[in-house]
Amino acid sequence: MVTPNYSIVQKTENRFTITSHYECDVWLLQNAVVRGTLLGLQYMGKDKGGKGGVVVNSSSIAGLGPSASFPIYVATKHAVIGLTRSFGVSTAYGNNVHILD
């Protein structure tokens, strides 16, 4: 089982906001999940000599709808949900690796 995840949120003035280094944050938030998912497919896929397995990507409730408080963070969580659902289409990948969100 692979569970790739990465999150950067800081608390300021009693509310959570994305850090000021948004380009780095976006890169880390999205690429950690993409890279972990691809590594799971590569090493667990039966088509690649693996035994099969499960990749579990966790997003956030923030990925389910818009938020004016931290839009960049929300956008990265939307990306995790879209990536996971796209890889999870069973007819697209015949590698016996199940992807859950």
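The values are calculated or read from the model by the stated rules, or taken from the named source; none is laboratory data. For clarity, every value in this text was computed on a predicted model and none was experimentally measured. Cβ: placed from backbone, ideal geometry, glycine included. Neighbour counts: every protein chain shown.
A compact table of results
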| quantity | calculated |
| --- | --- |
| Qualifying residue in the range 29-46 (condition: among the charged types (D, E, K, R), at pLDDT below 85 and surrounded by fewer than 17 Cβ atoms within 10 Å (Cβ to Cβ)) | yes |
| Which numbered condition Val54 fails, given (1) touching a His at 6+ places or on another chain (Cβ under 6 Å); (2) at pLDDT below 70 | (2) |
| Checking Ala79 against (1) surrounded by 12 or more Cβ atoms within 10 Å (Cβ to Cβ); (2) in a loop (DSSP other than H, G, I, E, B); (3) modelled with pLDDT of 85 or more, the condition it does not meet | (2) |
